[in-house]
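**Student:** Below is one structure. I have some questions about it.
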Amino acid sequence: SGDSYEVKQTRQQVMDGRDALARSLYEKMFSQLVATINKSFGNTDSTLGDGKPQQKTRTVSILDIFGFEHFQSNYFEQLCINFANEKLQGHFNEYNFSLEVKEYERERIQWSYKDFKFESNDKCIELIEAKRTGIFALLDEQCIMPNGSDATFCMKLQTQTSVTNH
């Protein structure tokens, strides 16, 4: 119809609006990703604590340094927070275990790696951050593609994760 109007805003108001739009877009994409994953697993009701019986199916969870978190709705920001926590936990473990190994060697204590009984989170981290095949790389690719969509992102994600064992 050709009508337009201008609204004067401060630089901070414009940046706040931009940030709110970005958070909303990421939240919508992440919610769609979770819904698609749940649907592919056969979950018809992904909410917890609603009193309805839950169907027993496979699930996807990321363990952060404080344990598993169950929210009615997880946002993209929560994935990023959990991912950062996993990275930090990995660095913490590697640093502390290397110090422990040096201490054992200094004290000439007999040991083996199986004594630690520690499972690394490297495969989970790789699944998320791998350069060309990780979740973040695939999401970035779809965001810059002219015809990128939730559907093509989910198809690529399914293809990439079907060849891994984690």
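The values are calculated or read from the model by the stated rules, or taken from the named source; none is laboratory data. Being a predicted model, the structure only gives us computed values, none of them experimental. Accessible surface is based on the protein model in full, side chains and every heavy atom, while ligands, DNA and RNA are left aside. Shrake-Rupley method; radii C 1.70, N 1.55, O 1.52, S 1.80 Å.
**Student:** For segment 118-145, how many residues are over 15 Å from GLY90 (Cα atoms) and either of a type in the set (D, E, K, R) or under 13 Å from the mean Cα position of the chain (by Cα) (or both)?
**Tutor:** Qualifying residue count for the region: 11.
**Student:** Can I ask one more? Hey, among the residues in segment 109-145 that are open to solvent by less than 100 Å² (accessible area, probe 1.4 Å), in a loop (DSSP other than H, G, I, E, B) and of a type in the set (S, T, N, Q), which one's modelled with the highest pLDDT?
**Tutor:** Top of the filtered list is THR133.
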